[in-house]
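Worksheet: the structure to be examined is printed underneath.
The values are calculated or read from the model by the stated rules, or taken from the named source; none is laboratory data. What you see is a predicted model; the values in this text were computed from it and never measured. Note that we place each Cβ from the backbone using ideal geometry, even for glycine, and neighbour counts take in every protein chain shown. Side chains included, ligands, DNA and RNA excluded: accessible areas come from the protein's heavy atoms. Shrake-Rupley method; radii C 1.70, N 1.55, O 1.52, S 1.80 Å.
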Amino acid sequence: MNLPNKLTILRMILIVPFVFFMLVGGDGEGWMKWAALATFIIASLTDMLDGKIARKYNLITDFGKFMDPLADKLLVCSALICLVDLGRLPAWICIVIIAREFAISGFRLVASDNGIVIAASYWGKTKTVSQMIMVILMIINLDVPAVQMLTTVIMYVACALTIISLVDYIMKNKQVLASQK
């Protein structure tokens, strides 16, 4: 159990207090909202950190290859569902994002069965960053018109990048679909 894998496990563990803080106190102005924000940011930073450490020190493991993307999806999906519950995110945006995650996960499984590894793309990474910024802004939920407008713009950008990254993955890896005839 190396450091990147421990960070991945930490990210998964942090989902529990994050969801608790969001659903119990995230709709108000109390400390729980800020605890939810801090927990989400820390969990998001472990995502960036575990990958950098794994690549730099050649600590890439099968466990990490499987659990890191799963932990990312669980964190983001948990945040999106909490935001829908709090009335801050339209359900259709949540559905688009979660559907994309399921589609890419399935696509990667099919590719893996055919000996093809699909690496994260520029669009996929940009999508992740935009989603995390969107979640952070929605957790903060400032009642300032300019910030609310920025949050709405980021939400639509994140949704667009979600769709663009899905199309990009499929177009760059058409051979995966062609192998399934």
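Which of the residues that make up the range 1-29 are over 29 Å from K52 (Cα atoms), at pLDDT below 90 and open to solvent by 40 Å² or more (accessible area, probe 1.4 Å)?
Within the range 1-29, D27, E29 qualify.
So that you can scan it fast, the table gives a plain yes or no per residue for (1) open to solvent by 30 Å² or more (accessible area, probe 1.4 Å); (2) not in a helix (DSSP H, G or I):
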position: I136; (1), (2): yes, no
position: D143; (1), (2): yes, yes
position: M149; (1), (2): yes, no
position: I154; (1), (2): yes, no
position: A158; (1), (2): no, no
position: L161; (1), (2): no, no
position: D168; (1), (2): no, no
position: M171; (1), (2): yes, no
position: V176; (1), (2): no, no
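For A43, are the conditions met, namely being of a type in the set (A, V, I, L, M, F, W, C), in contact with a Gly (Cβ under 8 Å, 6 or more places away or on another chain), in a helix (DSSP H, G or I) and surrounded by 18 or more Cβ atoms within 10 Å (Cβ to Cβ)? Reasoning before the result, please.
Working: of a type in the set (A, V, I, L, M, F, W, C): yes; in contact with a Gly (Cβ under 8 Å, 6 or more places away or on another chain): no; in a helix (DSSP H, G or I): yes; surrounded by 18 or more Cβ atoms within 10 Å (Cβ to Cβ): yes.
Taking the combined requirement at face value, the residue does not satisfy it.
Would you be able to say whether some residue in the range 92-108 is of a type in the set (A, V, I, L, M), farther than 17 Å from L166 by Cα and open to solvent by less than 40 Å² (accessible area, probe 1.4 Å)? So that I can check it myself, show each step before the final result.
Step one: of the range 92-108, the residues of a type in the set (A, V, I, L, M) are 93, 95-99, 103-104.
Applying the additional criterion that residues be farther than 17 Å from L166 by Cα yields none.
No: the range 92-108 contains no residue that is of a type in the set (A, V, I, L, M), farther than 17 Å from L166 by Cα and open to solvent by less than 40 Å² (accessible area, probe 1.4 Å).
Can you confirm whether R88 is part of a loop (DSSP other than H, G, I, E, B), in contact (Cβ under 8 Å) with a residue 12 or more places away in the chain and either open to solvent by less than 60 Å² (accessible area, probe 1.4 Å) or under 21 Å from A160 (Cα atoms) (or both)? Lay out the reasoning, then the answer.
Numbers: part of a loop (DSSP other than H, G, I, E, B): yes; in contact (Cβ under 8 Å) with a residue 12 or more places away in the chain: yes; either open to solvent by less than 60 Å² (accessible area, probe 1.4 Å) or under 21 Å from A160 (Cα atoms) (or both): yes.
Judged against the criteria, R88 is a match.
Could you go through the range 52-64 and let me know if any residue there is crowded, with 16+ Cβ neighbours inside 10 Å and among the charged types (D, E, K, R).
no
Is it the case that some residue within the range 111-120 is within 24 Å of I42 (Cα to Cα) and among the β-branched types (V, I, T)?
No; the residues of the range 111-120 include none that is within 24 Å of I42 (Cα to Cα) and among the β-branched types (V, I, T).
Any residue in the range 39-54 that is within 12 Å of A71 (Cα to Cα) sitting within a Cβ distance under 6 Å of a residue that is among the aliphatic types (A, V, I, L, M) and open to solvent by less than 10 Å² (accessible area, probe 1.4 Å)? List the pairs, counting only those 6 or more apart or interchain.
That search, which allows pairs on different chains as well, returns A43/L75.
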